[in-house]
Amino acid sequence: MIIPLETMGLSKIIRLRRYFFALIRHSSLKKILNFLLIEFQILIKRERISGMPYILKVENTNLCNLQCPVCYENRKKHDFEGARGYGRMKIKDFKKIVDELGPWVFRINLYGFGEPFLYDEIFEMIRYATDHDISVAITSNFNTINQDRINKIIDSGLEHLIISIDGIDQESYTKYKVGGNYEKVINNIKQLFQTKKDKKAKYPFMDWQFLIMKHNVSFMDPATRIARDLGIGIRFSRIGVDLNNEIERKAWLPEEKIRKSLRFEDQVIKKQKKIPLCSWLYRTVFINWDLGISPCCNYYTGDKTYDFGNMKDSTFNEIWNNANYLDARRMFKKGGLRDINISNICFKCIKKKGIKTFGETNTGTTSTQIS
């Protein structure tokens, strides 16, 4: 299943503000030069690039305490050939990532397809990155938190905490956050604010992420008022569903008219004459719990046959310009869709945006055109 990037859009103002703060607070000459180099290479659509990604998304675990219906294909069994399986990242593996990529990185989004606070080693990971002058952000359902973990969150140096709450009471909340406790989450937020005050701590910044769905679209205004009372920012996002799955669309997408930036009718992927460049291939990388490298997290990463490499077997520098990445970046250049490897996950993504396949060649590649 490919989840279109459009369905994952967050409030741009809040998001960019947090990223800009991380860039300023954690800058160095080396990081700034790398940032400028990467941005220039995006403009010229270079295939083999110099420099390193300056934002990392690192999954410490893909295990979760909740059963959200659309998330990670509802925690499907990893019993197929090529399945990644469920697990958690080892401390030494996280340190390897930071040691290798840290000198160029402004921010690590330390979460993936699981609940980051499920295991206590997360706090050592946050501290290790923070000690290497890297901003750390986490998205959490905040159900596994107690006072001890609140203290550890603050002491770890976590800079940005995003709490996912998709309702305004237990009934609306557990429609999607199956197994969660709304009141516990709200109380945990209040306790975190109080503990920050007691410790005279500035961080973490906190934002409430509210996924818009059919059952909760009418609660946007009440949620905004609750967030204001809590003293927390709120950002509304469109739920990520497979737009080609009629059952999912009917079950989760709202029918009501909502603000333009969140309209679901705008998500329908139209045939395009020009495929927009994917900045994931330059600025960012998704590192799975087993060190498998995914070009992004907008598809089901449980199938490791789509990985671009693994940091257990190679250095990241070797992976960053390997055949998988070169193929992916080439797709966005003029004429780049000729004779490409159709097994590359990036081809499967842009094909949904208007690519028409003529047929496979005997080399396992395909000739294509924009429809």
Quiz item: Round to a whole number: what % of the accessible area of the range 53-155 belongs to carbon and sulfur, probe 1.4 Å?
Solution: 48
Quiz item: Using a simple spin-label model with points 7 Å from Cα along the Cα→Cβ vector, what separation in nm is obtained for ASN181 and ILE44?
Solution: 5.7
Practice problem: Among PHE113, ASN141, THR130, pick out the residue whose Cα is farthest towards the positive end of the charge dipole of the range 98-152, where Lys and Arg carry +1 and Asp and Glu carry -1 on C-beta, about the Cα centre. | Solution: ASN141
Quiz item: Modelled label-to-label distance, ALA323 and ILE91, 7 Å Cα→beta-carbon offset: nm?
Solution: 3.9
Quiz item: When the solvent-accessible surface of protein heavy atoms is calculated with a 1.4 angstrom probe, in what order do PHE80, PHE142 fall, highest first?
Solution: PHE80, PHE142
Quiz prompt | Accessible solvent surface per residue of the range 21-162, calculated while the other protein chains remain in place, 1.4 angstrom probe, Å² | solution = 40
Quiz item: Are any of the pairs LYS31/LYS348; LYS152/LYS197; LYS92/LYS200 more than 25 Å apart by Cα-Cα distance, and if so, which?
Solution: LYS31/LYS348; LYS92/LYS200
Quiz item: All other residues with a Cβ under 13 Å from the Cβ of ALA201 taken together, and with Lys, Arg as +1 and Asp, Glu as -1, what is their net charge?
Solution: +3
Quiz item: With all protein chains present, how much of the accessible area of the range 182-248 (probe radius 1.4 Å) comes from carbon and sulfur, to the nearest whole percent?
Solution: 48
Self-check item: Shape call, the range 161-234: gyration tensor on alpha carbons, a/c limit 1.5
Solution: prolate
Quiz item: In terms of the Cα gyration tensor, with a ≥ b ≥ c the square roots of its eigenvalues, is the range 68-119 rounded because a/c is under 1.5, prolate because a/b exceeds b/c, or oblate?
Solution: prolate
Quiz item: If each of LYS312 and PHE21 carries a label point 7 Å out from its Cα toward its Cβ, how far apart are those two points in nm?
Solution: 3.7
Quiz item: Kirkwood Rh, the range 64-177, all Cα pairs: how many Å?
Solution: 15.6
Self-check item: Using a Förster distance of 35 Å, the FRET efficiency for LEU29-ASP303 (Cβ separation, nearest 0.05)
Solution: 0.30
Quiz item: Once fully extended, how much extra length lies between ASP99 and ASP79, figured as 0.36 nm per residue of separation less the alpha-carbon to alpha-carbon distance?
Solution: 3.9 nm
Quiz prompt | Full-extension gain in nm, ASN245 to LYS333, via 0.36 nm per residue minus C-alpha separation | solution = 28.7 nm
Quiz prompt | Tensor-based shape of the range 205-244 (alpha-carbon gyration tensor, a/c under 1.5 rounded, otherwise prolate or oblate) | solution = oblate
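The values are calculated or read from the model by the stated rules, or taken from the named source; none is laboratory data. Note that the structure is a prediction, hence the values are computed from the model and not measured. With ideal geometry, Cβ positions are generated from the backbone for all residues, glycine too; neighbour counts draw on all protein chains shown. Surface accessibility is based on the protein's heavy atoms, side chains included, excluding ligands, DNA and RNA. Shrake-Rupley method; radii C 1.70, N 1.55, O 1.52, S 1.80 Å.
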